[in-house]
Amino acid sequence: MNLVQKSHVLLRDFFCNNSPKIAVDATLGRGRDALFLFESLADGGILYGFDVQKAALEESRSLINSLPCSSRKKFNFFLESHSNMHFLLPLDCRGNVDAICFNLGWLPKSDKIITTSAHSTLSALEGVLNLINPENFALSVLSYRGHSGGMEECAIVGDFFSNNFPHAEIFGDFENPISPVLFFASNKNI
Ligand SMILES: C[S@@+](CC[C@H](N)C(=O)[O-])C[C@H]1O[C@@H](n2cnc3c(N)ncnc32)[C@H](O)[C@@H]1O
């Protein structure tokens, strides 16, 4: 199982008794995480998504629009950096977001020029602290160390988790210094 699949397994287990009413995909990319989150939403729930590339929003939209019977769930995507999410999301999201997923790095099958960066990722994660529902939240961050700046980004994500969620679960091949690392925190492991 790769770490994208692992992240979905952890989220699915978390959602088992409490489907999210508000979920955020901080890096839409090819829309696989967005599709998973959208399908996991409670009836009447909403998924917000962010990406800095138009192609990512278009692909994610078309994946979700291809689902049958999704009319009781909604989505709203922003062509914006996730570092702005805390002021772009409606005020009623503050303290009410049940699930947030980051899958860092570059858009798969792209020219790999645009990647997430340590600075904007940290700023987004700091914003997440005001958004999560303290009674019910899951935060999944998959960090790739292989791209330029990826090592620094992963170290910053690691510091963020140890400072804010010291009991978070961390997965990866720790023998391999450039392999991806998955960080997962929820209200069940704080
Ligand atoms: C690994 S991909 C995401 C994969 C995606 N979740 C999926 O399921 O296919 C990383 C994405 O992050 C996006 N990205 C880069 N910097 C960003 C930023 N500051 N804010 C939001 N998205 C960003 C890239 O454009 C890219 O599409």
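So which of ASN176, ASN136, ASN189, ASN130 ends up being surrounded by fewer than 20 Cβ atoms within 10 Å (Cβ to Cβ) and in contact (Cβ under 8 Å) with a residue 60 or more places away in the chain?
From the options ASN176, ASN136, ASN189, ASN130, the qualifying one is ASN136.
Have a look at PHE36, PHE75 and point out the one that is within 16 Å of the chain's Cα centre (by Cα), hydrophobic (A, V, I, L, M, F, W, C) and more than 10 Å from the ligand (Cβ to nearest atom).
Matching residue, one of PHE36, PHE75: PHE75.
Give me the pairs: first residue in region 95-109 and polar (S, T, N, Q), second residue away from the ligand (no atom under 13 Å from the Cβ), beta-carbon distance under 9 Å, and six or more apart or on different chains, which are they?
ASN96/LYS21; ASN96/ILE22; ASN96/LEU131; ASN96/ILE132; ASN96/ASN133
Any residue at all in region 104-118 that is over 15 Å from the mean Cα position of the chain (by Cα) and under 22 Å from LYS21 (Cα atoms)?
There is no residue in region 104-118 that is over 15 Å from the mean Cα position of the chain (by Cα) and under 22 Å from LYS21 (Cα atoms).
If you take the residues of region 39-55 that are within 11 Å of the ligand (Cβ to nearest atom) and within 10 Å of PHE77 (Cα to Cα), which of them is surrounded by the fewest Cβ atoms within 10 Å (Cβ to Cβ)?
So, considering only residues that are within 11 Å of the ligand (Cβ to nearest atom) and within 10 Å of PHE77 (Cα to Cα), the one surrounded by the fewest Cβ atoms within 10 Å (Cβ to Cβ) is PHE50.
Which numbered condition in (1) without any contact (Cβ under 8 Å) to a residue 24 or more places away in the chain; (2) among the charged types (D, E, K, R); (3) over 19 Å from PRO108 (Cβ atoms) is the only one that GLU58 fails?
So the condition that GLU58 fails would be (3).
Which residues, counting only those in region 32-69, are touching a Lys or Arg at 6+ places or on another chain (Cβ under 8 Å), of a type in the set (Gly, Ala, Ser) and within 19 Å of LEU88 (Cβ to Cβ)?
Scanning region 32-69 gives GLY45, ALA56, SER60.
Please go through region 102-127 and give me each residue that is part of a helix (DSSP H, G or I) and crowded, with 22+ Cβ neighbours inside 10 Å, ordered by number.
Result: THR121, ALA124, LEU125.
Bear in mind that the values in this text are calculations on the coordinates, not laboratory data. Quick caveat: nothing in here was measured; it's all calculated off a predicted structure. Here Cβ is always computed from backbone atoms with ideal geometry, including for glycine, and neighbour counts include all displayed protein chains.
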